[in-house]
Amino acid sequence: MTRRHVAVTGAGPAGLAAACAALAAGARVTLIDSAEQPGGQYHRMPPEASAGHPGGLRHGRDAFLRRRSRVLTHPRCTWLPETSVWALERTGPADGPPGAGSGAPPRVHLLCGGPADGSGRTRRTLDADALVLATGAHDRVLPFPGWELPGVCTAGAAQALVKGERLVVGDRVVVAGTGPFLLAVAASLLEAGAGVREVLEAGTFPTVGRNWLSRPWELAAQLGKTAELAGSAAALVRHRVPYRLGRTVVEARGDGRVEEVVTARLRPDWSVVDGTERTVPVDALCVGHGFSPRLELPLAAGCALRDTPAGAGAGPFVVVDGEQRTSVPGVFAAGEITGVAGAPAARVEGAVAGWTAAGGDHAVPALRVLRRSRDEGRAFARRLARAHPIGAGWPGWLRQDTVVCRCEETDYGTLCAAFGDAAQAAPRVARLSTRAGLGPCQARVCGPTVAELRARLGAGPAGHGTAAEPPGHTPHRRPLAQPLRLGELAAAPVPFGSPEETPDRSGGPKPPGAADRTTPSGPVAESPEAPSSPTDPSDPTDQR
Amino acid sequence: MSPRRLPARGTADGRGERPLRITVDGRPVDGVAGQTVAGVLLAAGRTAWRRGPSGAARGVFCGIGVCFDCLVTVNGDRDVRACLRRAADGDEVRTQSRTRPGTGGSRSADAGADGYPEHGEATG
């Protein structure tokens with residue numbers, strides 16, 4: 001029997017669960033991540049902690065460490081750390097629908113080994129029978145005057161530094177924006193000993209409260225996430241940190257770095273209530289207004305996206321069916337790129353995707369349980385989106401000279417002028433004339449904001465790349481999903497071995513890191529031959 | 001106060017951590033193994049090390065390799081994301097900037113891939 005080969009890009013909660021389930025279903029797995037260790041942003045930890053030392057309040061860490069060791073030591077798993085997927089090459093005819101004819105997923109182009117953004121990484125290609133995309137999301141941040149000052153960072157940056165390096169961004173920190181992630185970040189900072197002055201949720205009580213309090217029995221299904229949030233809220237209470245609804249930071253000020261912020265009360269539509277401004281001295285400001293899914297690879301594969309309603313804090317997302325299949329044959333998606341619902345929901349999606357991608361039996365009872373759990377996760381994602389929308393009045397914070405595109409320092413006034421001029425309003429033309437989105441980050445930060453401003457200023461739809469507008473116009477389309485050096489691009493890629501060989505036995509150059517794999521030490525959870533079930537019953541977090 | 005690093009748990013005095021030293025524009029900066037280049041810089045009290053087109057100071061923004069605000073040159077490799085790059089003992093880090101011609105900073109014919117020069121600051 002030829003084993004199916006499943007490639008999983010992204011080793012966060014969703015990707016790791018996908019790898020685990022695909023192995024359980026009997027497939028050969030190649031797990032790819034740009035970091036040195038699996039875990040993604042959620043299970044980020046200092047290097048010595050990942051060696052097994054206990055560390056603070058990290059939800060589900062033990063279950064994660066067990067799963068990580070099960071996957072990395074599995075004889076059918078090839079783990080490619082410090083590896084970037086920089087492109088996906090469609091195998092179908094260029095003019096036909098994606099993947100037409102072959103049913104095979106796109107070819108994966110990799111840059112293997114070496115430190116981040118180093119030179120001399122090895123270019124490789126990988127052809128698998130199925131591809132699971134689990135690339136996750138990053139913070140979305142709305143612009144405001146002064147947001148480019150040093151000391152202003154995303155909520156995710158503060159979380160990454162405290163989780164990954166035990167580094168706190170300051171001692172008089174304000175956390176602002178919208179969504180429950182702000183609570184988690186504030187709790188991490190407090191736990192690490194930082195001083196947090198206040199946490200500002202821009203949403204007002206009617207929106208936030210009504211949506212969190214409605215149908216509480218549904219929350220019981222997301223016990224893991226709900227308990228985590230309750231723990232974060234308790235940390236705020238313990239440290240007497242105020243959590244204010246309907247207030248946000250409308251300006252950051254300082255000489256060369258942030259020194260104070262101006263906060264103001266907001267109406268339900270996020271327009272500022274005049275006269276409610278307060279100045280708060282700070283040494284750091286952490287902001288986040290929801291998440292942007294990382295869509296470079298789904299778009300490169302040709303996956304259909306579904307748009308989210310105007311004002312949604314995140315999106316668009318990858319369209320998936322009941323088994324996490326995307327619109328492209330052989331390509332599956334799991335985790336935050338299909339909807340933002342947090343790590344527990346991402347794990348369940350990953351398990352369904354991995355099991356199905358590996359050709360696992362559709363009739364196993366565990367899959368039914370997982371699908372139900374996945375549906376509950378989707379309901380949770382909808383609840384989150386309803387409770388924390390982006391208010392339509394936020395552009396009221398902007399001044400003519402407020403930087404919108406951080407890379408090019410394109411300001412709001414320039415964008416208004418471009419979008420008000422019919423000759424310049426088309427996305428590509430406006431991009432070239434204003435340079436917004438053309439800098440090093442390639443619109444990863446400002447793309448959704450510029451698209452939204454363009455729509456609001458009457459220059460046309462937001463252009464997320466859904467049916468209404470061809471995907472070519474989406475701000476998320478990037479031919480190079482990750483930066484690579486010209487020398488690396490010029491080098492001929494080394495293909496990984498045939499499907500019957502694992503790459504490190506193929507005789508070709510070994511990817512750095514492959515040799516670092518620990519040999520199987522204990523009994524592996526799944527017998528290499530007998531397919532078991534997509535979940536490990538000893539891991540209760542799987543069910544939530 | 002500025003950003004600060006806490007010692008590893010169970011090693012309140014920092015014992016058991018492996019120290020490392022990098023140079024930043026020629027000056028030595030101390031850190032410990034496991035820190036990113038951005039982490040070493042932040043823990044050393046530097047919140048900014050790059051400049052935007054207008055010359056405005058920039059530091060860490062997204063922290064996870066998305067915004068490219070923290071770019072530095074490491075051992076001669078330009079445009080390295082400091083928040084992703086694990087610092088190694090002896091690394092030679094040079095700050096780099098993206099200032100428009102005429103907005104201060106040294107001029108350079110070395111244009112970045114996106115058209116604007118992104119050049120070293122201390123190389124003169």
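Quick note: the coordinates plus some simple rules give every number you see, no bench work behind them. For clarity, every value in this text was computed on a predicted model and none was experimentally measured. Here Cβ is always computed from backbone atoms with ideal geometry, including for glycine, and neighbour counts include all displayed protein chains.
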Tail weight of P(r) past 21 Å, computed on alpha-carbon pairs of segment A:246-347, percent:
54
So which trypsin sites (Lys or Arg not before Pro) in segment B:15-65 pass both tests, a DSSP loop state and at most 11 other Cβ atoms within 10 Å of the Cβ?
B:Arg15
Considering just Cα atoms, how many Å³ per residue does the convex hull of segment A:141-289 enclose?
105
For peptide A:432-441, what's the mean number of Cβ atoms from other chains within 10 Å of each residue's Cβ?
4
With DSSP loop assignment and no more than 16 other C-beta atoms within 10 Å, the chymotrypsin sites (Phe, Trp or Tyr not before Pro) in segment A:192-258 are none
Peptide B:69-75: average number of partner chain Cβ atoms within 10 Å per residue?
3
If you plug each phi of segment A:33-46 into the Karplus form 6.51 cos²θ - 1.76 cosθ + 1.60 with θ = phi - 60°, what whole-Hz ³J(HN,Hα) values come out, in order, with x for Gly and Pro?
8, 7, 8, 7, 10, x, x, x, 6, 5, 9, 5, 8, x
Put a dot 7 Å past each Cα toward the Cβ at A:His239 and A:Arg372; how far apart are the dots in nm?
3.9
Determine, from the Cβ-Cβ distance of B:Glu92 and A:Arg215 and an R0 of 51 Å, the FRET efficiency 1/(1 + (r/R0)^6), rounded to the nearest 0.05.
0.35
Over all directions, how big on average is the projection of the convex hull of the alpha-carbon atoms in segment B:19-105, in square nanometres?
5.2
Expressed as a whole-number percentage, the relative contact order of segment A:141-289 with C-alpha contacts under 8 angstrom and at least six residues apart is 35
Sorted by average packing, counted as other Cβ atoms within 10 angstrom per residue and highest first, what order do A:354-364, A:177-187 take?
A:177-187, A:354-364
Let me have the relative contact order for segment B:19-105, percent, based on Cα pairs under 8 Å that are six or more residues apart.
36
Once both label points are put 7 Å beyond Cα along the C-beta direction, the B:Leu6-A:Leu223 separation in nm becomes 2.9
Output the peptides A:260-272, A:440-452 sorted from most to least packed, where packing is the average of other Cβ atoms within 10 Å over each peptide's residues.
A:440-452, A:260-272
Modelling each spin label as a point 7 Å along the Cα-to-Cβ direction, I'd like the A:Arg61/B:Arg21 distance in nm, to one decimal.
3.2
Cut-off under 5 Å, modelled amide H: who pairs with B:Arg50 long-range:
B:Arg58
